Amino acid sequence: MSGATFTEIYLPLRDVVYAVCSSLMKNSEDANDVTQDVYLKLWEIRDELDRVENPKAFVIRTARNRCLDKLKSPAVARRNEEDAASLLIEADSGTDPHALLVEKEQRKRLNRWVKGLKEPKRSIFRLRQFEMLSNQETADKLGLQEATVRSTLSRLRNEARQILLVDENR
């Protein structure tokens, strides 16, 4: 495929690619990064793009897959887990060194627990706690029933509370 054809067919789909990335990624910076990655990938395989029957569907699928790859990356997972720990631990630590230490230990314990969850529990927990999606959005994203997400999340939150309570009782 020539550069002109690429520009004519694929560049006008940039808003579609960004919309997909924006809906899946946590922030606009990540969405922009993935959008650029998608276009870099498309440019690298431009000679094969002549065989694509539906360019719009192809870029949407490519964008979705790139987003999922990025979300699975260790750096993003680590950042999301730290964010979730901060959301779940609502202790007002002030400047008390003991309270700061307790909060730090709770975060570590909670992060280990999240890492140990199996799918789809881990995804449900991350999408709700880290990405702040609704139960229905989480269900749609994972292909589950909303009731399944709701009940699983309830059990997971109870487990998280127990983990935090264990720390307080020590």
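The values are calculated or read from the model by the stated rules, or taken from the named source; none is laboratory data. From a predicted model like this one, the values you see are computed outputs, not experimental measurements. Every residue, glycine as well, gets a Cβ built from its backbone with ideal geometry; the counts of neighbours run over all protein chains shown. Please note that ligands, DNA and RNA were not included when accessible areas were found on the heavy atoms of the full protein model with its side chains. Shrake-Rupley method; radii C 1.70, N 1.55, O 1.52, S 1.80 Å.
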Checked ARG79, ARG64 against criteria (open to solvent by 70 Å² or more (accessible area, probe 1.4 Å), in a helix (DSSP H, G or I), modelled with pLDDT of 80 or more and under 20 Å from GLU131 (Cβ atoms)); the one match is ARG64
Pairs returned, first residue in the range 100-118 that is over 19 Å from LEU142 (Cα atoms) and open to solvent by less than 80 Å² (accessible area, probe 1.4 Å), second residue that is part of a loop (DSSP other than H, G, I, E, B) and of a type in the set (A, V, I, L, M), beta-carbon separation under 8 angstrom, 6 or more apart or interchain, are VAL102/ALA91; GLU103/ILE89; GLU103/ALA91; GLN106/ILE89; GLN106/ALA91; ARG107/ILE89; LEU110/ILE89
Review point. For GLU131, are the conditions met, namely being within 27 Å of SER22 (Cβ to Cβ) and among the acidic types (Asp, Glu)?
Key: yes
Considering the range 1-25, residues that are within 17 Å of ASP50 (Cα to Cα) and not in a helix (DSSP H, G or I), and then whichever is modelled with the highest pLDDT, we arrive at TYR10
Note on the range 147-163: residues surrounded by 15 or more Cβ atoms within 10 Å (Cβ to Cβ) and polar (S, T, N, Q) are THR148, THR152
So, first residue touching a residue at least 12 places away in the same chain (Cβ under 8 Å) in the range 130-157, second residue assigned to a helix (DSSP H, G or I) and among the small types (Gly, Ala, Ser), Cβ within less than 9 Å, six or more apart or across chains; the pairs are PHE130/ALA84; ASN135/ALA147; THR138/SER123; LYS141/SER123; LEU142/SER123; VAL149/ALA139; ARG150/ALA139
